[in-house]
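Quick one: the structure is below, and I'll ask about it shortly.
Laboratory data are not the source of any read-out in this text; all were calculated from the coordinates shown. These figures come from a predicted structure and were not determined experimentally. Neighbour counts are summed over all protein chains in view; Cβ atoms, including those assigned to glycine, are modelled from backbone coordinates with ideal geometry.
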Amino acid sequence: MTLLQRSLVPALLVLFGLGLAFGRQSKQPVVRAEKVAGTVSVLFGEGGNIGVSSGADGILIVDDQFERLVPEIEAALAKLAPGKAAPRFLVNTHHHGDHTGGNAHFGKSAVVLAHENVRARLLDEKAPATALPVVTYADGIALHLNGEEIRVLHVPGAHTDGDSVVWFKGSNVVHLGDLYFQLGYPFVDVASGGNVLGLIEGLRGLLPGLPADVRLVPGHGVVTGREGLEEYVKMLETLTARVREHLAEGRDVKAMLAAGVTKDFDPRWGNFAFVPPEKFVASIVDSLR
Ligand SMILES: [Zn+2]
């Protein structure tokens, strides 16, 4: 290769990469809105699903994905509520960056609400001042907006130590945050106070109160009814019981997987790249310690 060729190759690669990046941006928007029920819509994109209440009183959003998606999120909100697109309220279901990445922007104009542990964790992470929850609660809080009660309930020690679910009572929709991973095995953040036993207990506690025709927005995945959540909770319970037995027999995560602990569930739940079976099983082991 000549010197000229050697310097051209990286330059061409960079141009090719930029072309891909721009091509993707201009042709395929990442954020897509879908109506759920009543006042509630959901924005799918990258990171946690965003719940939206839009109506005569304006907009409330649940979570805000990533900072780089803010322009797309704003464009989607402008379509849902022309002239009232700036959210008045923002509820964070927990502190993870794929649910709070837009806080620094939206928090400039919206009142940010979250469980008190979310504020503490964002402070620890040196989040900018506008990203911090202004209203915090220990057990929950209610908002009255767009003709309905929006009840925010804390679920202790589940996906993290600061989880909330947001129940749009009139619309009959619940945003479950990352208590509900619809697209695969859940990430249980034991290092941030999460625990699979708390996750199961929290969801078991919610299920009897959910109306038969309720719509459930997961943190990740598609909107389902009760049956989707019931299937998920049964998977959590079954695998937790199995891991408990394996632990009692002295097996570690590797030996449990070799014995096929998740095998029959993997076709439905094992395809989410971020949480392969071994990561989920390890988090159950950590939860049972
Ligand atoms: Zn999360």
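I'm trying to understand the selection: among the residues of the stretch 100-113, which are within 16 Å of the ligand (Cβ to nearest atom) and of a type in the set (Val, Ile, Thr)?
THR100
What single numbered condition from (1) more than 15 Å from the ligand (Cβ to nearest atom); (2) free of Cβ contacts under 8 Å to residues at least 24 places away in the same chain fails to hold for SER41?
All conditions are met except number (2).
Conditions (1) surrounded by fewer than 23 Cβ atoms within 10 Å (Cβ to Cβ); (2) within 16 Å of the ligand (Cβ to nearest atom), marked per residue:
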site	(1), (2)
ILE50	no, yes
ASP57	yes, no
ARG68	yes, no
ALA81	yes, no
LYS84	yes, no
ASP98	yes, yes
HIS115	no, yes
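Hey, another quick one. Condition check: acidic (Asp, Glu) and buried (at least 17 other Cβ atoms within 10 Å of the Cβ). Does ASP213 satisfy that?
no
Still on this structure, please answer the following. Residues being exposed (fewer than 11 other Cβ atoms within 10 Å of the Cβ) and closer than 19 Å to GLU237 by Cα: count how many of those fall in the stretch 247-259.
Number of matching residues: 2.
Out of the stretch 155-178, which residues are crowded, with 24+ Cβ neighbours inside 10 Å and more than 15 Å from the ligand (Cβ to nearest atom)?
PHE168, VAL173, VAL174
Taking interchain pairs and intrachain pairs at least six residues apart, which have beta carbon atoms under 8 angstrom, with the first residue in the stretch 183-199 and in contact (Cβ under 8 Å) with a residue 12 or more places away in the chain and of a type in the set (A, V, I, L, M, F, W, C) and the second assigned to a helix (DSSP H, G or I) and within 10 Å of the ligand (Cβ to nearest atom)?
PHE187/ASP178; LEU199/LEU179
It is to be established whether one or more residues within the stretch 132-143 are at negative phi, of a type in the set (Gly, Ala, Ser) and without any contact (Cβ under 8 Å) to a residue 60 or more places away in the chain.
Among the residues of the stretch 132-143, at least one is at negative phi, of a type in the set (Gly, Ala, Ser) and without any contact (Cβ under 8 Å) to a residue 60 or more places away in the chain, which makes the answer yes.
So which residues in the stretch 87-96 are in contact with a strand residue (DSSP E or B) (Cβ under 7 Å, 6 or more places away or on another chain) and either touching a residue at least 40 places away in the same chain (Cβ under 8 Å) or surrounded by fewer than 21 Cβ atoms within 10 Å (Cβ to Cβ) (or both), if there are any at all?
If the condition is that a residue be in contact with a strand residue (DSSP E or B) (Cβ under 7 Å, 6 or more places away or on another chain) and either touching a residue at least 40 places away in the same chain (Cβ under 8 Å) or surrounded by fewer than 21 Cβ atoms within 10 Å (Cβ to Cβ) (or both), then ARG88, PHE89, VAL91, ASN92, THR93, HIS94 are the ones that fit.
When GLY147 is evaluated against the numbered criteria (1) more than 29 Å from ILE59 (Cβ to Cβ); (2) more than 16 Å from the ligand (Cβ to nearest atom), which criterion, by number, is the only one it fails?
In the conditions (1) more than 29 Å from ILE59 (Cβ to Cβ); (2) more than 16 Å from the ligand (Cβ to nearest atom), GLY147 misses (1) alone.
Say whether the condition of being surrounded by 17 or more Cβ atoms within 10 Å (Cβ to Cβ), within 16 Å of the chain's Cα centre (by Cα) and in contact (Cβ under 8 Å) with a residue 60 or more places away in the chain is met by at least one residue in the stretch 261-280.
yes
Now for a different question. Considering the stretch 82-98 alone, what residues qualify as being out of contact with any helix residue (DSSP H, G or I) (no Cβ under 6 Å at 6 or more places or on another chain) and farther than 21 Å from ALA142 by Cβ?
Correct list: PRO82, GLY83, LYS84, ALA86, HIS96, GLY97, ASP98.
Listed here are the residues, each with its yes/no results for (1) of a type in the set (D, E, K, R); (2) surrounded by fewer than 22 Cβ atoms within 10 Å (Cβ to Cβ); (3) more than 16 Å from the ligand (Cβ to nearest atom).
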position	(1), (2), (3)
LEU183	no, yes, no
PHE187	no, yes, no
PRO208	no, yes, yes
VAL223	no, yes, yes
GLY228	no, yes, yes
LEU236	no, no, no
